[in-house]
């Protein structure tokens, strides 16, 4: 399991441990002081022996770099917050294809809908389903049905059980 903390925080922890090791502290004592396992401290000692404190520097993460910069991600979330109507759509409902289209138009980056969903959840957006309601619906009639007819129907269901 990976230790919690950013790359910079973990590197600082390794460098502190490295300095303590160079001062002559034991590996067990260093492990207690920096709250790390003995195996990690042992590995750090081996790195220091081969390359000095610079060997404890954080290494870049492998993998493809993100196609949107953090600034572009913030711009997308601002567009989403303004609403789909402001973005030129006929209703105020964001869908993955619409978000993908906005990203493609604005930044020239094309994403599949399934990846747009991952981005939205990463940015804190959740699935929203509009509440369906008939335009012709009479609120007073619905309220009357709920008060008068529904209890009678519900009692009938309870009796047949």
* Single unsatisfied condition, residue 146 versus (1) surrounded by fewer than 12 Cβ atoms within 10 Å (Cβ to Cβ); (2) closer than 18 Å to residue 82 by Cβ -> (2)
* **Any chance residue 73 is over 30 Å from residue 24 (Cβ atoms) and either touching a strand residue (DSSP E or B) at 6+ places or on another chain (Cβ under 9 Å) or in contact (Cβ under 8 Å) with a residue 40 or more places away in the chain (or both)** => yes
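Restricted to the stretch 1-33, and to residues that are in a loop (DSSP other than H, G, I, E, B) and in contact with a helix residue (DSSP H, G or I) (Cβ under 8 Å, 6 or more places away or on another chain), which residue is modelled with the highest pLDDT?
Restricting attention to the stretch 1-33, the residues satisfying the condition of being in a loop (DSSP other than H, G, I, E, B) are 1-6, 23-26.
Checking the rest, the ones that are also in contact with a helix residue (DSSP H, G or I) (Cβ under 8 Å, 6 or more places away or on another chain) come to 3, 5, 25.
Details: 3: 76, 5: 83, 25: 95.
Ranking the qualifying residues of the stretch 1-33, first place goes to 25.
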* Asked: Can you tell me which residues in the stretch 79-94 are under 15 Å from residue 105 (Cβ atoms) and within 21 Å of the chain's Cα centre (by Cα)?
  -> 79, 80, 82, 94
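The values are calculated or read from the model by the stated rules, or taken from the named source; none is laboratory data. Since the model is a prediction, treat every value here as computed from it, not as a measurement. Here the Cβ is made from the backbone with ideal geometry for all residues, glycine too, and neighbour counts use every protein chain on show.
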